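**Student:** Right, I'll just put the structure down here and ask away after.
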Amino acid sequence: MHVSKDGRSWRIGAADDVDWIAGHTTAGISITTAIPAIFDAYATTYQADDVTAAAYEHALVDDLSTHTADQPWWLAYLDTGAHDVVFPRAPRVSLYWNWPYVLVEAGPEQALTWRTGHMRHGRGSLPDLFFPADRSWLVSALWDDTWTCVGGPEPLIRTLQGDPVANARRIRPDEDALPPGLTRE
C-alpha cells in the first residue's frame, strides 16, 4: 500500500518489514525489551533539560545519518489513540505487546518533520521506532519510557556517546535501560 504526503507517494510497511523485531525482544527492564539482541553495541539517550527538543532530535538524526549509507529509513508511529501517527488511515503492524504502529518507508528528513507533537513530552517529531532499510541500527522508544533505546554498530554508539546534545549512555544488553536520574512512569 502507498499513501501520499508532501506531493509524493510513500510505501506503508507490513509485518514482514518488522519481523526481525517482532518476537525478538524480551520482557523486562533491559534494553532488549525494545531492541533485539543482535547488535554490536547499545545505548540509551534522552533529551536533557537544558536542550530543546529540536536540537536533541537533530543531533540524534545527524549522528545516525553519519553512520548510514544512502537508503530509505522505516519510520514507525505508535497508535495510542491520542497521538499523531502521521497517516491515520494506514494499516498497522504489531510490535512488542501487540502495540499497533503505522510503518512507512521514508527518510531522515521525514523523521524530523512529519509528526506534530510527541507523546512523551508534547514537543518534537521523531517516530517512536525507526531504522534504515539495511537494518544496521534500530532506535526505539517504548510507550511508557521517557528515554530512547539504540542498538547498532560500535562506531555509531561511540558517536552518540561523544555527542553532548544526543546525551547517550552505553549499556550492556542485560543492563537496566533506565538512564541515571530518570524514573519509570
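The values are calculated or read from the model by the stated rules, or taken from the named source; none is laboratory data. The model shown is predicted, which means the values in this text are computed figures rather than measured ones. Quick reminder, even Gly has a Cβ in these numbers, built from the backbone with ideal geometry, and neighbours come from all protein chains shown. Only protein heavy atoms, including side chains, enter the accessible area calculation; ligands, DNA and RNA are left aside. Shrake-Rupley method; radii C 1.70, N 1.55, O 1.52, S 1.80 Å.
**Student:** Check Ala168 against each of (1) over 29 Å from Arg92 (Cα atoms); (2) more than 17 Å from the chain's Cα centre (by Cα) and name the one condition it does not meet.
**Tutor:** With respect to (1) over 29 Å from Arg92 (Cα atoms); (2) more than 17 Å from the chain's Cα centre (by Cα), Ala168 is out only on (2).
**Student:** Does Asp19 qualify as being open to solvent by 10 Å² or more (accessible area, probe 1.4 Å), of a type in the set (D, E, K, R) and either touching a helix residue (DSSP H, G or I) at 6+ places or on another chain (Cβ under 8 Å) or in a helix (DSSP H, G or I) (or both)?
**Tutor:** Details: open to solvent by 10 Å² or more (accessible area, probe 1.4 Å): yes; of a type in the set (D, E, K, R): yes; either touching a helix residue (DSSP H, G or I) at 6+ places or on another chain (Cβ under 8 Å) or in a helix (DSSP H, G or I) (or both): no.
No: the conditions fail for Asp19.
**Student:** Quick one: which of Asp16, Asp79, Asp40 is of a type in the set (Asp, Glu) and farther than 23 Å from Asp134 by Cα? Steps first, answer last, please.
**Tutor:** Working: Asp16 fails: farther than 23 Å from Asp134 by Cα; Asp40 fails: farther than 23 Å from Asp134 by Cα.
Testing whether each residue is of a type in the set (Asp, Glu) and farther than 23 Å from Asp134 by Cα leaves just Asp79.
**Student:** Among the residues of region 43-76, what is the count of those that are charged (D, E, K, R) and either within 22 Å of Arg135 (Cα to Cα) or touching a His at 6+ places or on another chain (Cβ under 7 Å) (or both)?
**Tutor:** Within region 43-76, the first condition is being charged (D, E, K, R), and the residues that meet it are 49-50, 57, 62-63, 70.
From the residues that got through so far, the ones that are either within 22 Å of Arg135 (Cα to Cα) or touching a His at 6+ places or on another chain (Cβ under 7 Å) (or both) too are 57, 62-63, 70.
So the answer is 4.
**Student:** Oh, and also: Any residue in region 132-149 that is on the phi > 0 side of the Ramachandran plot and of a type outside the set (Ser, Thr, Tyr) sitting within a Cβ distance under 7 Å of a residue that is modelled with pLDDT of 85 or more and open to solvent by 10 Å² or more (accessible area, probe 1.4 Å)? List the pairs, counting only those 6 or more apart or interchain.
**Tutor:** Between residues of region 132-149 that are on the phi > 0 side of the Ramachandran plot and of a type outside the set (Ser, Thr, Tyr) and residues that are modelled with pLDDT of 85 or more and open to solvent by 10 Å² or more (accessible area, probe 1.4 Å), the close pairs are Arg135/Trp20.
**Student:** Sticking with this one: When region 72-95 is examined, which residues are found to be open to solvent by 40 Å² or more (accessible area, probe 1.4 Å) and polar (S, T, N, Q)? Let's see the steps before the verdict.
**Tutor:** Start the filter on region 72-95 by keeping residues that are open to solvent by 40 Å² or more (accessible area, probe 1.4 Å), which leaves 72, 79, 81-84, 88-89, 91-92, 94.
Residue satisfying the conditions is Ser94 alone.
**Student:** If you take the residues in region 43-56 that are part of a helix (DSSP H, G or I) and either hydrophobic (A, V, I, L, M, F, W, C) or under 20 Å from Asp176 (Cβ atoms) (or both), which one is least open to solvent (accessible area, probe 1.4 Å)? Spell out the reasoning first.
**Tutor:** So in region 43-56, the residues part of a helix (DSSP H, G or I) come out as 53-56.
Next cut, either hydrophobic (A, V, I, L, M, F, W, C) or under 20 Å from Asp176 (Cβ atoms) (or both) only: 53-55.
Details: Ala53: 11, Ala54: 58, Ala55: 45 Å².
Among those residues, the one meeting the criterion is Ala53.
**Student:** Could you list, in sequence order, all residues of region 22-38 that are touching a Pro at 6+ places or on another chain (Cβ under 7 Å), closer than 17 Å to Ile171 by Cβ and either open to solvent by 20 Å² or more (accessible area, probe 1.4 Å) or in a strand (DSSP E or B) (or both)?
**Tutor:** Taking region 22-38 and keeping what is touching a Pro at 6+ places or on another chain (Cβ under 7 Å), we get 24-25, 30-32, 37.
Going one step further and asking which of them are closer than 17 Å to Ile171 by Cβ, we end up with 25, 30-32, 37.
Within region 22-38, Thr25, Ser30, Ala37 qualify.
**Student:** Moving on. Determine which member of the set Ala59, Ala69 is among the hydrophobic types (A, V, I, L, M, F, W, C), under 22 Å from Ile157 (Cβ atoms), out of contact with any strand residue (DSSP E or B) (no Cβ under 6 Å at 6 or more places or on another chain) and open to solvent by less than 20 Å² (accessible area, probe 1.4 Å). Spell out the reasoning first.
**Tutor:** On the way: Ala69 fails: open to solvent by less than 20 Å² (accessible area, probe 1.4 Å).
Of Ala59, Ala69, the one residue that is among the hydrophobic types (A, V, I, L, M, F, W, C), under 22 Å from Ile157 (Cβ atoms), out of contact with any strand residue (DSSP E or B) (no Cβ under 6 Å at 6 or more places or on another chain) and open to solvent by less than 20 Å² (accessible area, probe 1.4 Å) is Ala59.
**Student:** Give me the pairs, please: first residue somewhere in region 93-111 and of a type in the set (D, E, K, R), second residue anywhere and open to solvent by less than 20 Å² (accessible area, probe 1.4 Å) and not in a strand (DSSP E or B), beta-carbon distance under 6 Å, and either six or more positions apart or on two chains.
**Tutor:** No pair meets every condition.
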